[in-house]
Amino acid sequence: MCVFRGRMKKRNVIRAVLLLAVLGGGAAYFARMRKGEAVATTLFVSGTIEVTEVQASFKQPGRLAVRTVDEGVVVTAGQVIAMLDMSDLLIECATRSSEVWAARAALDELEHGSRPQEIEQAKASLALAQAELVQAHADFVRQESLVSQDVVSRSVYDQAKRANDVAEAQVRVAEETLKLLVEGPRIEEIERGRATLATAESALAAVRQRLHDAVLCTSFDGVTLSKSAEPGEYLSAGTPVLALADIGEVWLRAYVDEPDLGRVKLGQSAAVTTDTYPGKVYAGRITFISSEAEFTPKFVQTEKERVKLVYRIKITMPNPHWELKPGMPADARIRLD
């Protein structure tokens, strides 16, 4: 009986130990599961703040006359930040304007046709030519009668005939001149005048565009990062004058490991923090995921081995108070759920 009770007590002890082992293992399992869920729904990355940087330059060559801003100055959209010397352009613009006025006046003259005074003058010239023809023809008839009677010489007759022919030609010229004035210019002449005016206007527009391009303005609100030219320097087209940055919206340049790439998607939200403003969180979203792998840059902070492949991402966020500066280190917590 005592032996039986001892065996029963030993079995109960074994069962208790097994139960405790099962409970302990289950607790550890569920603890690992909870930890796995936290890792699966959140990804931590680190990187630096980047901004949209623009190298402001002129479209044409010229001597820099004025640079109105310096490094670190806040600029607004449409603000003038530099100008080229425009003295030669102003002279050329005046010349092209004169050519436009001359071409327009010539075209107006062609389109309006002859003036009434010109037509009346042509009629008077025709009447005069006709009168001279009547006189010349009368002299010719008289000399023709006299030469047949051997009263005058042959040379006198020839002279009268030549005068009659000249008078007839003058009448024809006067008639054709009157017709041209009445009909007005040919359509081809009017079209040529219009083409000349269009060419002059195009040349003037080109000069005015160059005058417009000689003034450099900003296209966004931002801040000047650096200057590359001083007044008095001759600049080629495209030579940078100022480096501008749009810091109203910035992004975090970060890298994710290759095993985590499949969990990162465009549009995922992220919470960005910096050492400069501890405790302040900036809301952002993933707006770019590189399609090419690259080796881990030296400046990337990672808990794993550095010699491996990573993918670059961009986390864009608003920066209305311009607190986030280019090059500032930052951390991000990406929500993967």
Out of Leu89, Leu110, which single residue is within 30 Å of Gly193 (Cβ to Cβ) and touching a Leu at 6+ places or on another chain (Cβ under 7 Å)?
-> Leu89
So Arg194 fits all but one of (1) part of a helix (DSSP H, G or I); (2) closer than 30 Å to Val74 by Cβ; what number is the exception?
-> (2)
Residue in the stretch 155-164 that is in a helix (DSSP H, G or I), loosely packed, with under 12 Cβ neighbours inside 10 Å, at pLDDT 80 or above and not acidic (Asp, Glu) present | yes
Return a yes/no flag: does the stretch 222-229 have any residue that is charged (D, E, K, R), outside the structural domain of Thr68 (by TED's automatic domain parsing) and either over 25 Å from the mean Cα position of the chain (by Cα) or over 30 Å from Trp101 (Cβ atoms) (or both).
-> no
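Could you tell me whether the stretch 81-93 includes any residue that is in contact with a helix residue (DSSP H, G or I) (Cβ under 8 Å, 6 or more places away or on another chain) and farther than 20 Å from Pro231 by Cα? Step through it out loud before you land on a result.
Start the filter on the stretch 81-93 by keeping residues that are in contact with a helix residue (DSSP H, G or I) (Cβ under 8 Å, 6 or more places away or on another chain), which leaves 86, 89-90, 92-93.
Going one step further and asking which of them are farther than 20 Å from Pro231 by Cα, we end up with 92-93.
Yes, because at least one residue in the stretch 81-93 is in contact with a helix residue (DSSP H, G or I) (Cβ under 8 Å, 6 or more places away or on another chain) and farther than 20 Å from Pro231 by Cα.
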Considering each residue of the stretch 291-337, count those that are in a loop (DSSP other than H, G, I, E, B), modelled with pLDDT of 90 or more and among the polar types (S, T, N, Q), and give that number.
-> 1
Of residues in the stretch 89-139 being touching a residue at least 24 places away in the same chain (Cβ under 8 Å) and not in a helix (DSSP H, G or I), the one surrounded by the most Cβ atoms within 10 Å (Cβ to Cβ) = Ser114
Within the stretch 74-87, considering residues that are exposed (fewer than 13 other Cβ atoms within 10 Å of the Cβ) and over 20 Å from the mean Cα position of the chain (by Cα), the one nearest to Pro320 (Cα to Cα) | Val74
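For the structure I just gave you, tell me whether Leu43 is farther than 30 Å from Arg253 by Cβ, modelled with pLDDT of 90 or more and surrounded by 15 or more Cβ atoms within 10 Å (Cβ to Cβ).
On the way: farther than 30 Å from Arg253 by Cβ: no; modelled with pLDDT of 90 or more: yes; surrounded by 15 or more Cβ atoms within 10 Å (Cβ to Cβ): yes.
Considered against the rule, which asks whether it is farther than 30 Å from Arg253 by Cβ, modelled with pLDDT of 90 or more and surrounded by 15 or more Cβ atoms within 10 Å (Cβ to Cβ), Leu43 comes out as no.
Every residue in the stretch 51-83 that is within 30 Å of Leu252 (Cβ to Cβ), of a type in the set (S, T, N, Q) and out of contact with any Pro (no Cβ under 9 Å at 6 or more places or on another chain), please.
At the first step, the residues of the stretch 51-83 found to be within 30 Å of Leu252 (Cβ to Cβ) are 51-57, 69-79, 81.
Those still in the list that are of a type in the set (S, T, N, Q) too: 52, 55, 57, 76, 79.
Matches in the stretch 51-83: Thr52, Thr76, Gln79.
So how many residues does the stretch 212-226 have that are in a strand (DSSP E or B) and surrounded by 16 or more Cβ atoms within 10 Å (Cβ to Cβ)?
Step one: of the stretch 212-226, the residues in a strand (DSSP E or B) are 215-217, 222-226.
Now drop any that are not surrounded by 16 or more Cβ atoms within 10 Å (Cβ to Cβ), which leaves 216, 222-225.
Final tally of qualifying residues: 5.
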Is it true that Ser148 is more than 29 Å from Ala106 (Cβ to Cβ), exposed (fewer than 12 other Cβ atoms within 10 Å of the Cβ) and among the hydroxyl-bearing types (Ser, Thr, Tyr)?
-> yes
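The values are calculated or read from the model by the stated rules, or taken from the named source; none is laboratory data. Small disclaimer: the values here were computed from a predicted structure and weren't measured. So basically every Cβ, Gly included, is an ideal-geometry build from the backbone, and we count neighbours across all protein chains shown.
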